[in-house]
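Working notes for the structure below.
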Amino acid sequence: MNEPVASETYAAQIRRLAELTARVAAQRAEAHTWYAQQCAAADRAVAEATAQVRRAEAEVAEAQDLVERVDAEAAHLWGQLRARVGAGGRRLGDPPGPAPDATGDPVPLLHGVRELLDRTRQPGELPGSANPLLVACGIGGAVVAYALGLAARALGHGSGGDLAVGMPVLALVITLLGPLVGLAPARLIADRRHAVLTPRPMILVAGAGLVTTLLLLALAPR
């Protein structure tokens, strides 16, 4: 009578063992699935973080490049301003650094400064205060040309042959060009003052040179 009970107990144990084995397998599969999901999520998180780091590095590099370009352009514009001011530009010193509370895009601001410097760079006409210098240029050019003409004429008189014929002609040409010689130093004056040598100062220089040349020719010994 005890054998069926033992047999049933053994069968129940087998079923219980099978159930436990299935449960363990299910839990192991669930654990593997959870682990795989966690690994995949971690991989996605690492990939996303890596992409964010790369984007941040690219933004930092772009910002650094912009800072370098802005600094270079600011230094260039500051140098132009110092050159425009002239000798007083030395007191300006080095270009100022960025304002701590500055906001906005600096590129349009630099563009505006560049346009302002371009407008102020447009040369104007020499002021009336430069007229004495222009007259002096005309007189000096005429005197120099007349002196060169005298030297050429003297060289022709002291020589023979073709030089004796050609040097007086060359002397006359140099003397007649005297009123125009003063335009060269007048141009230098205009350049130093960032001005244009307009017809008015050119006529003033040429007129002073012409009068001087005529006076020198009239007073020359015959």
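The values are calculated or read from the model by the stated rules, or taken from the named source; none is laboratory data. What you are looking at is a predicted structure, and each value in this text was computed from that prediction instead of being measured. Methodologically, a virtual Cβ is constructed for each residue, glycine included, from the backbone with ideal geometry; neighbour enumeration extends over all protein chains shown. Only protein heavy atoms, including side chains, enter the accessible area calculation; ligands, DNA and RNA are left aside. Shrake-Rupley method; radii C 1.70, N 1.55, O 1.52, S 1.80 Å.
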Within the stretch 116-132, the residues that are part of a helix (DSSP H, G or I), open to solvent by 80 Å² or more (accessible area, probe 1.4 Å) and at pLDDT 75 or above are 129, 132
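Do you know which of the residues in the stretch 192-208 that are in contact with a Pro (Cβ under 9 Å, 6 or more places away or on another chain) and assigned to a helix (DSSP H, G or I) is surrounded by the most Cβ atoms within 10 Å (Cβ to Cβ)?
205
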Filtering the stretch 133-172 for residues that are open to solvent by 50 Å² or more (accessible area, probe 1.4 Å), modelled with pLDDT under 75 and in a helix (DSSP H, G or I) leaves a count of 4
